[in-house]
Amino acid sequence: MVHYNSNLVNTISPPVMDARRWLQETPIETNQVLLNLSQAAPVDPPPDDLLNYMAESIKMNPASNIYGPVLGNPELREEIATRWSILYQGEINPSHVAITSGCNQAFAATVATLAEPGDSVMIVAPWYFNHKMWLDMIGINTTVLTLEKDLQPDVERARELITKDLKAILLITPNNPCGTEYSKETIWEFYQLAKENNLTLIVDETYRDFLSSDNELHEIFQDPDWDRHFVHLYSFSKAFRLTGHRVGAVIASENFLPQIEKYLDTVSICPNQLGQLGALFGLRNLLNWLVEEKEIILQRKEAIEKGFEFLPEWNLLGCGAYFAYVTHPFDMRSDQLVKLFLRKTNMLMLPDTMFEQPNPADGIRKFGQQIRIAYANIDQNQIEDFFQRMTKFTRENQEYI
């Protein structure tokens, strides 16, 4: 009998793929069109200017079809260093920047560089499931900082969880799955905690371009010694809709990059060349377009917040970037409820059971009582439709409350 890696066997199946299978398995009892609120990735193609540039590059730019540097193309690394230095008011050099095949790979390469089996990484719960999956796959233990009602991480509670095996602390802001934004003061406190305990703070800023306030950009890069205890992760998937082209970035110390290069060369050899050209074009030509995209997302955020004001049975815990995280009023676990929602309303959402595990010391947030709603891909009319279906479902299923 074939022996499988027990770490892989014991890792959960990809939740989004599970949710897609529900679409095939669930008998839908309504003629309403599907509202897919399960995946937090743009479904629209990149803007026309970017599409045209990339299409032309395939034919006219030979570099778009061959291997490139393992750490990414120099022009893109330099552009990121320059723009990030201005944005964060710090000093970032191209030698601090590595391009990866999406932000998932940025995280995987970072953890592979910082930790080994038996070590631990601190993550908050609810967590982004791919982060937890990677840690489980490679035998890295998770130290779980459970978020309570405000879905904000508490640095003092984190301090109590530090052990000799802990190598890094991970934060995501704006958060996936909760949508909450962490203040620059909170991020700075965690950075100081990392420095005091010789740890690395990893901040995943995949959804940074959709922050509700530009004033909340953290100030870590303003510390001259930022590269000793800090790693920044980023994705171009959300900014320029390059999801299928897999372009992410790591910003870390110059000593860190030769180690991460070993991982990247072994796993993917080099980042997607066409995607890198697209990301560079976007940074040079589409930042005004991105500001408009941000405004659209923020308008949808506002509509979601207002809509839940008229659903008193529900409790909106967090809302921002692509996500709303809500407590449902029904006397059933969320993984059962979302399938009932799909059958009755043809709306696909994800349960909190995909983002955390039962906590024996259940606090304000009870396990199995929350749902993540990824609203960024539905427009204002669809948001109205969403709330009409939510209201009708809640009214017609009072026996479960």
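The values are calculated or read from the model by the stated rules, or taken from the named source; none is laboratory data. Just so it is clear, the structure is predicted and the values come from calculations on it, not from any experiment. Cβ sites come from the backbone with ideal geometry, for glycine too, and all protein chains shown count toward neighbours. These area figures cover heavy atoms from the full protein model, side chains too; ligands, DNA and RNA do not enter into them. Shrake-Rupley method; radii C 1.70, N 1.55, O 1.52, S 1.80 Å.
Looking only at residues in region 377-401 that are acidic (Asp, Glu) and closer than 28 Å to Phe210 by Cβ, which one is nearest to the chain's Cα centre (by Cα)? Top of the filtered list is Asp379. Whether any residue in region 255-263 is under 21 Å from the mean Cα position of the chain (by Cα) and more than 21 Å from Tyr88 (Cα to Cα) is what I want to check. Yes; the residues of region 255-263 include at least one that is under 21 Å from the mean Cα position of the chain (by Cα) and more than 21 Å from Tyr88 (Cα to Cα).
Kindly evaluate Asn52 against the criterion of being polar (S, T, N, Q), part of a helix (DSSP H, G or I) and either loosely packed, with under 13 Cβ neighbours inside 10 Å or free of Cβ contacts under 8 Å to residues at least 24 places away in the same chain (or both).
Numbers: polar (S, T, N, Q): yes; part of a helix (DSSP H, G or I): yes; either loosely packed, with under 13 Cβ neighbours inside 10 Å or free of Cβ contacts under 8 Å to residues at least 24 places away in the same chain (or both): yes.
Judged against the criteria, Asn52 is a match.
Within region 333-379, the set of residues being touching a helix residue (DSSP H, G or I) at 6+ places or on another chain (Cβ under 6 Å) and of a type in the set (S, T, N, Q) comprises Ser334, Thr345, Thr353, Gln370.
Give me a count of the residues in region 315-341 that are touching a Leu at 6+ places or on another chain (Cβ under 7 Å) and closer than 30 Å to Lys294 by Cβ. Qualifying residue count, region 315-341: 8.
A single member of Ser57, Ser38 is under 22 Å from Asn176 (Cβ atoms) and open to solvent by less than 40 Å² (accessible area, probe 1.4 Å), and it is Ser38. Take the conditions (1) part of a helix (DSSP H, G or I); (2) within 30 Å of Asn175 (Cβ to Cβ); Ala63 misses just one of them, which is (2). Only residues that are open to solvent by less than 40 Å² (accessible area, probe 1.4 Å) and either in a helix (DSSP H, G or I) or of a type in the set (Val, Ile, Thr) (or both) were counted in region 67-76, giving 2. Mind listing whichever residues of region 1-38 are in contact (Cβ under 8 Å) with a residue 40 or more places away in the chain, in a loop (DSSP other than H, G, I, E, B) and either aromatic (Phe, Trp, Tyr) or under 17 Å from Phe129 (Cβ atoms) (or both)? Across region 1-38, the qualifying residues are Asn10, Thr11, Ile12, Pro14, Leu37, Ser38.
Does Phe221 count as part of a helix (DSSP H, G or I), farther than 30 Å from Pro351 by Cα and not aliphatic (A, V, I, L, M)? Considered against the rule, which asks whether it is part of a helix (DSSP H, G or I), farther than 30 Å from Pro351 by Cα and not aliphatic (A, V, I, L, M), Phe221 comes out as yes.
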